[in-house]
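The values are calculated or read from the model by the stated rules, or taken from the named source; none is laboratory data. All of these numbers come straight from a predicted model, not from anything done at the bench. Glycine also receives a Cβ, built like all others from the backbone with ideal geometry; neighbour counts cover every protein chain displayed.
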Amino acid sequence: MFVRNHDELTLDKLSDAEREEVFAAFGPDPDMQMYGRGLRRRLPSMLNGDPARIRMVYSLLFSLPGTPVLFYGEEIGMGEDLGAEGRSAVRSPMQWNDAANGGFSTAPAQDLVAQMVDGYFGPKNINAVAAKRDPESLWNFIATLIQRYRECPELGWGRFELISSRRQECCCTVAPGRDPPW
């Protein structure tokens, strides 16, 4: 189960109207879009770095049937480099620490095959070392989700049903009769 696909968030299964709605919400700038059918953005930046929304999406991911899959760096909240060509926007080097090149390489920045992300989502603000040290970080939240997923076979196995709600902003699910497959 993916929140987004590896290289691009593909929207080719949506109607034109649905696709435009997604573009407007998560990639309004044409530079954020790919081939008119996808987004070349990472989830944390699509949600403007909003910790509550990011945690909500990952909570849903870990509660649905299937194997949850994260793209490297999403566990710490990495963003993309829209200055990179095409799909390379989401293929920036892992941000290990706040040192030069995010601790990924000691090579001069101009010698890197892919450039580091700049700005808010860059390694000065978002990196693995800082995330592991912060008990309130996204990394620690994801670690807790993984632990709960492993401890509770009710999560992620079997089927689920959407429950209608009077509140459009609510996504309600139930897992009736979920039995582990063993």
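Points worth noting:
- Residue tally, condition of a type in the set (A, V, I, L, M) and in a loop (DSSP other than H, G, I, E, B), over the range 8-66: 4
- Only one of the listed residues (143, 131) is over 18 Å from residue 46 (Cα atoms), touching a Ser or Thr at 6+ places or on another chain (Cβ under 6 Å) and surrounded by 13 or more Cβ atoms within 10 Å (Cβ to Cβ). That residue is 131.
- Test for residue 156: is it closer than 21 Å to residue 58 by Cα and either touching a residue at least 12 places away in the same chain (Cβ under 8 Å) or not assigned by TED's automatic domain parsing to the domain that holds residue 47 (or both): yes
- Among the residues of the range 132-176, those identified as assigned to a loop (DSSP other than H, G, I, E, B) and at pLDDT below 80 are 153, 154, 155, 156, 157, 158, 159, 160, 175, 176.
- None of 179, 118 is at pLDDT 90 or above and either exposed (fewer than 15 other Cβ atoms within 10 Å of the Cβ) or not assigned by TED's automatic domain parsing to the domain that holds residue 63 (or both) except 118.
- Residues that are within 18 Å of residue 144 (Cβ to Cβ) and over 9 Å from the mean Cα position of the chain (by Cα), drawn from the range 68-83: 68, 69, 76
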